[in-house]
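The values are calculated or read from the model by the stated rules, or taken from the named source; none is laboratory data. Since we're looking at a predicted model, the values are computed, not measured. So basically every Cβ, Gly included, is an ideal-geometry build from the backbone, and we count neighbours across all protein chains shown.
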Amino acid sequence: MSESPYIFEATLDNFQEKVMQASMQTPVLVDVWADWCAPCKQLMPVLEKLAEEYRGAFLMAKVNADEQQELTGHLGVRSLPTILLVKNGQAVDGFNGALPESEIRKVLEKHVEPPEENPHDKANRLWEEGDLNGALEILTGLNQADPENTAVLIDLAQIKAELGDTETAQQILDSLAPEDKMQPHARQLAARLKFMEQAGQLAPVADLEKRLEVDPKDSEALHQLALQHVIKENNAQAMELLIRLMQVDSGYKDGVAKTTLIELFDKLGNTNPDVRTYRRKLYTLMH
């Protein structure tokens, strides 16, 4: 059970008091779920995150459909997950299935007053949702207000790079103090910019694949195809090709396979599961 003051387990015994009556003062989002339901497990963390973010602007009631079959029947649930938004003692909205967070926010915004969002957090949320221009606008304003804020600068440079303005991204990166360039996000950006710079120097993927069909130990083709996969964000495939290159020609271009792997690790960060997997493979290969 959650320790959050905004999230609770709803039962047949407490539903009238904790949901229906409570909704006269505060909207209550009812999540009807089951342990065997994969979409339920996908959706619940998103709802819990929003409940925490809204800081009590709405409450979240979790109804275990298997344990509360009578209550589930009273609610008219036909599929899982079922989400109901109760306000002033009435179900005013809801949906079925695991919607994206952006769509759930739209449901909430119709009925719940959102808390004031930290601008930097909002920029990162818009970024995650794919609204790069919206995030860029906020970050630009934050940078103008506080030009020395390194976290904002690095995020600004990353978005510039994603929008294709690698020149500005590199200028921002170059302007950072040496100790700031060692921050994980700055190192990821540096690696990303280097890979983007190499993109125009690579042979087409189809040509590289044909070369490897003829000669699976073609070092240049292995290296270039790995870089093509990096640029396309096919990171596991890129790492596998770099490991192959180390196995067939570890000295190729002064050990570029190992160097590129480490740069890719920097780009993705230590929490990435592919990084953990291939860091172990690299260690095994070297020892």
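Just the residues that are within 33 Å of the chain's Cα centre (by Cα) and without any contact (Cβ under 8 Å) to a residue 60 or more places away in the chain, please, taken from region 3-29. Walk me through it before giving the result.
Residues of region 3-29 within 33 Å of the chain's Cα centre (by Cα): 3-10, 19, 23, 26-29.
Selection gives E3, S4, P5, Y6, I7, F8, E9, T26, V28.
Can you tell me which of (1) surrounded by 15 or more Cβ atoms within 10 Å (Cβ to Cβ); (2) in contact (Cβ under 8 Å) with a residue 24 or more places away in the chain is the one L173 doesn't meet?
Here L173 clears every test but (2).
Check S219 against each of (1) in the same structural domain as N133 (by TED's automatic domain parsing); (2) of a type in the set (S, T, N, Q); (3) within 20 Å of I243 (Cα to Cα) and name the one condition it does not meet.
(1)
If you go through region 95-118, how many residues are more than 21 Å from the chain's Cα centre (by Cα), in a loop (DSSP other than H, G, I, E, B) and within 19 Å of M44 (Cβ to Cβ)?
Kept after step one, since they are more than 21 Å from the chain's Cα centre (by Cα), are these residues of region 95-118: 95-96, 107-116.
Narrowing the set further to residues that are in a loop (DSSP other than H, G, I, E, B) leaves 110-116.
If we keep only those that are within 19 Å of M44 (Cβ to Cβ) too, we end up with 112.
Qualifying residue count, region 95-118: 1.
Rundown of residues vs (1) closer than 16 Å to E263 by Cβ; (2) assigned to a helix (DSSP H, G or I); (3) touching a Pro at 6+ places or on another chain (Cβ under 6 Å), yes/no style:
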residue: A203; (1), (2), (3): no, no, no
residue: K210; (1), (2), (3): no, yes, no
residue: A221; (1), (2), (3): no, yes, no
residue: V230; (1), (2), (3): yes, yes, no
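Which one of the conditions (1) buried (at least 16 other Cβ atoms within 10 Å of the Cβ); (2) in contact (Cβ under 8 Å) with a residue 24 or more places away in the chain does I138 fail to meet, given that it meets all the rest?
Of (1) buried (at least 16 other Cβ atoms within 10 Å of the Cβ); (2) in contact (Cβ under 8 Å) with a residue 24 or more places away in the chain, only one is false for I138: (2).
Could you list, in sequence order, all residues of region 95-110 that are of a type outside the set (A, V, I, L, M, F, W, C), in contact (Cβ under 8 Å) with a residue 24 or more places away in the chain and over 17 Å from E52 (Cα atoms)? If you could, list the steps in order and put the result at the bottom.
Initial filter on region 95-110 (of a type outside the set (A, V, I, L, M, F, W, C)): 96-97, 100-103, 105-106, 109-110.
Those left that are additionally in contact (Cβ under 8 Å) with a residue 24 or more places away in the chain: 97, 101-102, 105.
The answer is G97, and nothing else.
List the pairs whose first member sits in region 246-263 and is farther than 15 Å from Y283 by Cα, whose second member is surrounded by 14 or more Cβ atoms within 10 Å (Cβ to Cβ) and polar (S, T, N, Q), and whose Cβ atoms are under 9 Å apart, counting only residues at least 6 apart or on separate chains?
Cβ pairs passing all conditions: V248/S219; D249/S219; Y252/S219; K253/S219.
If only one of K87, K62 is among the basic types (K, R) and over 18 Å from E9 (Cβ atoms), which one is it? Lay out the reasoning, then the answer.
On the way: K62 fails: over 18 Å from E9 (Cβ atoms).
Going through K87, K62 in turn, just one is among the basic types (K, R) and over 18 Å from E9 (Cβ atoms): K87.
Since F195 meets every condition but one in (1) touching a residue at least 12 places away in the same chain (Cβ under 8 Å); (2) more than 24 Å from the chain's Cα centre (by Cα), which condition does it not meet?
Among (1) touching a residue at least 12 places away in the same chain (Cβ under 8 Å); (2) more than 24 Å from the chain's Cα centre (by Cα), F195 violates only (2).
Given (1) under 30 Å from L153 (Cα atoms); (2) exposed (fewer than 15 other Cβ atoms within 10 Å of the Cβ); (3) touching a helix residue (DSSP H, G or I) at 6+ places or on another chain (Cβ under 8 Å); (4) outside the structural domain of E148 (by TED's automatic domain parsing), identify the lone condition not met by L261.
(2)
Part of a strand (DSSP E or B) and either in contact (Cβ under 8 Å) with a residue 60 or more places away in the chain or of a type outside the set (F, W, Y) (or both): which single residue out of A91, A123 fits that description? So that I can check it myself, show each step before the final result.
Values: A123 fails: part of a strand (DSSP E or B).
Testing whether each residue is part of a strand (DSSP E or B) and either in contact (Cβ under 8 Å) with a residue 60 or more places away in the chain or of a type outside the set (F, W, Y) (or both) leaves just A91.
Can you find a residue in region 236-258 that is of a type in the set (K, R), within 26 Å of the chain's Cα centre (by Cα) and within 30 Å of E162 (Cβ to Cβ)?
Of all residues in region 236-258, those of a type in the set (K, R) come to 244, 253, 258.
Right, trim to within 26 Å of the chain's Cα centre (by Cα) and you get none.
No: region 236-258 contains no residue that is of a type in the set (K, R), within 26 Å of the chain's Cα centre (by Cα) and within 30 Å of E162 (Cβ to Cβ).
If we keep just the residues of region 1-51 that are of a type in the set (S, T, Y) and under 17 Å from V107 (Cα atoms), which is surrounded by the most Cβ atoms within 10 Å (Cβ to Cβ)?
Going residue by residue through region 1-51, those that are of a type in the set (S, T, Y) are 2, 4, 6, 11, 23, 26.
When the remaining residues are screened for being under 17 Å from V107 (Cα atoms), the result is 23, 26.
Working: S23: 23, T26: 14.
Ranking the qualifying residues of region 1-51, first place goes to S23.
Considering E209, E148, E162, which residue is touching a helix residue (DSSP H, G or I) at 6+ places or on another chain (Cβ under 8 Å) and either touching a residue at least 24 places away in the same chain (Cβ under 8 Å) or within 21 Å of D121 (Cβ to Cβ) (or both)? Quick ask: steps written out before the conclusion?
Numbers: E209 fails: either touching a residue at least 24 places away in the same chain (Cβ under 8 Å) or within 21 Å of D121 (Cβ to Cβ) (or both); E148 fails: touching a helix residue (DSSP H, G or I) at 6+ places or on another chain (Cβ under 8 Å).
Being touching a helix residue (DSSP H, G or I) at 6+ places or on another chain (Cβ under 8 Å) and either touching a residue at least 24 places away in the same chain (Cβ under 8 Å) or within 21 Å of D121 (Cβ to Cβ) (or both) holds for just one of E209, E148, E162, which is E162.
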